[in-house]
Amino acid sequence: MLATGEVTPPPGGDGLRRQRRSRGIEPGVMESGIPALSFLESNAPRQVPRECRAEVDIMAALKDYRLNGYPKNEEGENAALPYADYLEWLADYLYEADAQLSAEQEKMFSRFLGDEPSTAMVGIGMDAGLHDNLARCHPCYEYPPDFEKEFDVERAVPLDPYFSYEEYYDEEMKEEISKEEYIRDDYEWHIELQEEKMGLQKHWPGFTHGSDEIFSFLRSTDDTVCDGRTEPPDAGWRVLLAAVLNDVAGKDRRVDLLHRFFIGYFEYFNK
């Protein structure tokens, strides 16, 4: 079963890697019912509320892809399962998972200690969904290999003029957040997403990484969260989910708790 303690954290550098904190959202029990995955609008813009970009800190650890089990079909290939079937499989897999929380994850998970499991699962889902939502907007700039050495913001080249500091922020926002702060935040995302991609490639070979890919896939289906090729929404958060489910013996209860995670995830992924 999953234990806590000082263990080697998931792959990731130090440097300017973002140390994000809780957004202060009080997770609540959201309405039940199978979420309609098609709620992701086909014309949804690639952006998030401006106050989320350089001001809001959320989860304090990188995604952790160590729990990399995946359902197989009769041919032994990755299976594309309907949502309900995937939850059935995942409920058993995470209940039996044997992993440890890193020190960072233990600190993050402590936010939910004392909560009802349903509240904890929704809260983890909300944080995870917001992380992937914000990641869709980054990086906004291309950085030279030695950018961190001098941190000269003028050497950062916008990938899309719309998301450059000069275009994206109006004069009022520029009074609150400087260009240096804006680019530092984006550069931290740049480093983090590189590390996440390496983690996925190590533990999930053959799967594509990136919240744009997750968004595009979920938008194209009404009843599937895994296709055997795209990073499942739960992939990077399974260690935290297992920390809750390890102590839940009833399978029906575990399935319901995972459903609540996905409700929270979808709600904040589409903010």
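Each value in this text was obtained by applying a stated rule to the coordinates, not by laboratory testing. What you are looking at is a predicted structure, and each value in this text was computed from that prediction instead of being measured. When we count neighbours, we look across all protein chains shown, and the Cβ atoms used for this are built from the backbone with ideal geometry, even at glycine.
Placing +1 on the Cβ of each Lys and Arg and -1 on the Cβ of each Asp and Glu in the range 59-105, which of P82, S102, L67 has its Cα farthest towards the positive end of the resulting dipole?
S102
Rg to Rh ratio, the range 69-173, alpha-carbon atoms and Kirkwood radius?
Ratio value, two decimals: 1.12.
Which lysines does K202 reach when only Cα atoms under 19 Å apart count, and residues fewer than 8 places away in its own chain are ignored?
K63
Mind listing the long-range amide H neighbours of T224? Cut-off is under 5 Å, sequence gap 5 or more, other chains count too, H placed in the peptide plane at 1.01 Å from N.
Result for T224 returns Y83.
Can you put M121, M198 in order of Cβ neighbours within 10 angstrom, beginning with the fewest?
M198, M121
Using modelled amide H (1.01 Å from N, peptide plane; none on Pro or chain starts), what sits under 5 Å from the amide H of T230, excluding residues fewer than 5 places away?
T208
Neighbouring Cβ atoms within 10 Å as the yardstick, rank F261, F163 fewest first.
Result, fewest neighbours first: F163, F261.
Hey, can you rank 72-80, 225-233 by average C-beta count inside 10 Å, highest first?
225-233, 72-80
Using a 10 Å cut-off around each Cβ, can you sort D115, D132 from fewest to most neighbouring Cβ atoms?
Going from sparsest to densest Cβ surroundings: D115, D132.
Residue separation times 0.36 nm, minus the C-alpha to C-alpha distance between E171 and D152: what's the value?
4.6 nm
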